[in-house]
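Report on the structure given below.
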Amino acid sequence: MNDILKKKFPSFSNALLIDVNTNALQQSFAAGDVIMRTGQYIKNTVLVLSGKIKIYREDEEGSEFFMYYLQPGQACAISMICATKNQKSQIMAKVVEDVELIMVPLQLMDKWMMQHRSWYEFVIDTYRSRFEEVLDVIDSIAFRAMDERLEFYLKRHRDACDCDDLKLSHQEIASELNTSREVISRLLKKLEQRGVLKMHRNNIELLK
């Protein structure tokens, strides 16, 4: 595990890498697995070695609101906050692509904050980057019309997968943007007419 840790988390000091290898647990999850649910207590935070996790909010009726993805080399800032405060989760986390995770127990998080400067800096940087990303989402909701929100949403997914072909259904997009499938289909058609994207049977291709 040490080699892949060094590669995915290059900012970690050698002492921290030894502690992670010695004390944290590596665990695998398959696509579709829900690894964090709203209302549950969080006893660990996760470091992503491979794969992809979707972080989202879910209302009482089961509607989803997409927040961000977790990818290799990243950790979940919200789980860190909930774990340190012994609070219940306010988010859902679902595996999008099979993942390998490092599970870091609560007591180790607190201990490493004091013992390892590289862990402290990693946690602070994780908080900052996720806060900035959530602000972008809030700006999108508060200040953009639905067509602009859709374009912003698609570009975030392109950045996350580093690809132009997005395997997203109209219904999935509608659920995550809290609107109807009909609205999304109509707006996607408009974006296609503008030359922003091209719709295929099983994917959406971004052209610019």
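The values are calculated or read from the model by the stated rules, or taken from the named source; none is laboratory data. Values in this document were obtained by computation on a predicted structure and should not be read as measured data. Cβ: placed from backbone, ideal geometry, glycine included. Neighbour counts: every protein chain shown. Only protein heavy atoms, including side chains, enter the accessible area calculation; ligands, DNA and RNA are left aside. Shrake-Rupley method; radii C 1.70, N 1.55, O 1.52, S 1.80 Å.
When the charge dipole of the range 2-141 is built from unit charges on Cβ atoms (+1 for Lys and Arg, -1 for Asp and Glu) and taken about the Cα centre, the candidate among F131, I81, L17 whose Cα reaches farthest toward its positive end is L17. Rolling a 1.4 angstrom probe over the chain with all protein chains present gives an accessible area of which 48% lies on carbon and sulfur atoms. Working from label points 7 Å from Cα in the Cα-to-Cβ sense, the I141 to K7 distance is 3.7 nm. For the range 126-182, the square roots of the Cα gyration tensor eigenvalues, ordered a ≥ b ≥ c, give a/c of at least 1.5 with a/b no greater than b/c, which places it in the oblate category.
In terms of the Cα gyration tensor, with a ≥ b ≥ c the square roots of its eigenvalues, is the range 163-208 rounded because a/c is under 1.5, prolate because a/b exceeds b/c, or oblate?
Here the range 163-208 falls in the oblate category.
On a 0 to 90° scale, report how tilted helix 14-23 is relative to the longest principal axis of the chain, with both axes built from alpha carbons and the result rounded to the nearest 10. Helix 14-23 sits at roughly 90 degrees to that axis. Summarised in one figure, the compactness ratio Rg/Rh of the range 2-141, Cα atoms and Kirkwood Rh, is 0.95. Between 0 and 90 degrees, the angle of helix 117-143 with respect to the longest Cα principal axis of the chain falls at about 20 degrees. For the range 45-103, GluC sites (Glu not before Pro) are listed when DSSP marks them as loop and at most 11 other Cβ atoms sit within 10 Å of their Cβ; the list is E60, E61. If the limit is 26 Å between Cα atoms, which of K52/K189; K167/K189; K6/K54; K52/K88; K7/K208 go over it? Going by Cα-Cα distance, K52/K189; K7/K208 fall outside the 26 Å limit. Per residue, the solvent-accessible area of the range 65-208 (1.4 Å probe, heavy atoms of protein chains only, all protein chains present) comes to 53 Å².
GNM remark for the chain: springs join alpha carbons under 10 Å apart, and the peak mean-square fluctuation among T22, T45, T179 falls on T22.
Over the chain, Cα pairs under 8 Å with separation of 6+ residues give a relative contact order of 21 percent. Only Lys, Arg, Asp and Glu carry charge here, each on its Cβ (+1 for the first two, -1 for the last two); on that basis the range 145-206 has a dipole of about 220 debye about its Cα centre.
Under the simplified labelling scheme, the S63-F131 pair shows an inter-label distance of 2.9 nm, with each label point 7 Å from Cα along Cα→Cβ.
For the range 16-87, the list of trypsin sites (Lys or Arg not before Pro) that fall in a loop by DSSP and count at most 14 other C-beta atoms within 10 angstrom reads R37, K43. Between the range 154-208 and the range 16-59, the alpha-carbon centres lie 28 Å apart.
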